[in-house]
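Values in this text are rule-based calculations from the coordinates and carry no lab data. All values derive from a computational prediction rather than experimental measurement. We place every Cβ from the backbone using ideal geometry, glycine too, and count neighbours over all the protein chains shown.
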Amino acid sequence: MRRTGRVGGMTLDDRKLEVLRAIVEDYVATQEPVGSKALVERHRLHVSSATVRNDMAVLEEEGYLRQPHTSAGRVPTDKGYRLFVDKLSRIKPLTPAERRAIERFMAGAVDLNDVVHRTVRLLAQLTRQVAVVQYPSLARSRVRHVELVPISSTRLMVVMITDTGRVEQRLVELPGPIETDDVGEIRQLINEQLCGLWLAETTDQVHAMQEQVRSELRVHMDTLVTVLLETLVERGEERIALAGTANLARSGMLDFSGTIRPILEALEEEVILLKLFGQAERSLTRVRIGDENEIEDLRATSVVTTGYGPGKTVVGGLGVLGPTRMDYPATIATVRAVARYVGEVLAQS
């Protein structure tokens with residue numbers, strides 16, 4: 001007896017689900033509407049073309065397929081892709097060769113900027129989509145070290161390094177000359193008080209340092225406290241790296257009049273990208289398909305995101321954006337694998 005599965009408000013039997021799976025896979029591969037004859041020839045469905053046509057008609061009636069032109073084959077709808085991703089797709093594991101290639105590519109990174117830029121290029125190349133990587137968020141980072149570099153007798157460079165490899169630096173003009181030994185004393189105090197703390201939790205310790213220095217250094221410390229608060233606590237700047245926008249043209253999206261321009265304009269807005277990619281969770285790979293995207297200009301696309309970071313800590317998000325007609329099993333597997341390797345690189349830094 002054929003099993004059935006309830007999806008939404010209807011019941012689809014195994015054969016109709018297999019027909020939908022075959023149509024999604026063929027349409028992704030060929031970019032052409034799929035007909036019943038082609039399905040029977042390419043897939044071992046063990047039924048006639050007439051039976052497949054009836055199944056396709058039911059899937060179309062229920063909103064999983066649509067017919068772009070009279071007498072043409074069918075293509076999946078956003079609803080069809082969603083069912084495919086949730087119920088039908090089988091994640092394609094990366095081959096050993098692909099895994100070795102990722103490992104070698106990521107192992108050559110020399111600093112955080114290099115890690116991010118290698119990651120975004122790698123994602124774009126492997127998925128042939130637009131790739132986005134959020135730099136490790138300051139809000140999710142701990143202080144590793146604060147360096148004070150004398151530039152002159154009245155000017156210091158404050159360099160803050162986080163456990164995620166981010167480096168923030170500020171030039172500080174002091175109210176008067178300061179001795180090199182006094183700079184060393186202040187540097188030691190700052191690191192004793194702040195190292196290992198989450199950036200968002202440093203406010204009290206930064207304020208307390210004003211009372212912990214010798215009275216003759218307090219005027220300099222007051223200036224440094226202001227800078228530290230701006231750098232460690234109040235600064236909300238987040239950064240995004242982007243690669244592969246040319247893949248939108250290669251994907252065939254130019255075939256749809258007016259589709260690609262609003263997408264490109266949306267990709268230029270960092271606020272939009274941070275909203276899409278900056279709230280990712282390590283344990284969850286999220287797939288937004290078509291109209292599921294909150295941003296109207298991106299409703300012709302699908303977005304696959306996940307979080308990354310050392311160990312179980314999530315410090316940023318990454319993923320890809322492309323047409324709804326994407327190879328979801330391969331894309332999801334690639335995004336997950338790259339996120340894992342980036343986390344391992346950060347854990348070793």
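Miscellaneous remarks
- What you get for the chain, charging only the Cβ of Lys and Arg (+1) and of Asp and Glu (-1), is a dipole of about 2180 debye around the Cα centre.
- About its Cα centre, the range 95-230 has a charge dipole of approximately 1040 debye under the convention of +1 per Lys or Arg Cβ and -1 per Asp or Glu Cβ, with nothing else charged.
- Stokes-Einstein D for the range 4-88, Kirkwood Rh over Cα pairs, 25 °C, 0.890 mPa s (µm²/s): 195 µm²/s
- Between helix 49-61 and the chain: long-axis angle, C-alpha atoms, 0 to 90°, nearest 10: 50 degrees
- For the pair residue 145 and residue 191 in one chain, pulling the backbone fully straight at 0.36 nm per residue adds 15.9 nm over the alpha carbon distance.
- 30 Å Cα-Cα reach of residue 312 towards lysines, excluding residues that sit fewer than 8 places from it in its own chain: 87, 92, 275
- Legend: ranking of residues 227, 115 from fewest to most surrounding C-beta atoms inside 10 Å; resulting order 227, 115.
- Selection from 190, 213, 301, by position along the positive dipole direction of the chain (Cβ): 301
- Working note: Debye formula, equal point scatterers on the alpha-carbon atoms of the range 128-176, no solvent; log10 I(q)/I(0) at q = 0.18, 0.21, 0.25, 0.33 Å⁻¹ is -0.65, -0.75, -0.88, -1.15.
- Gaussian network model of the chain, springs between alpha carbon atoms under 10 Å - residue of 137, 215, 89 with greatest fluctuation: 215
- Among [x] 92, 39, 36; [y] 55, 49, 32; [z] 56, 56, 34, the entry that matches Cα extents along the principal axes in Å as calculated here: [x]
- Histogram of C-alpha separations across the range 275-349, 10 Å bin width, %: 21, 49, 24, 6
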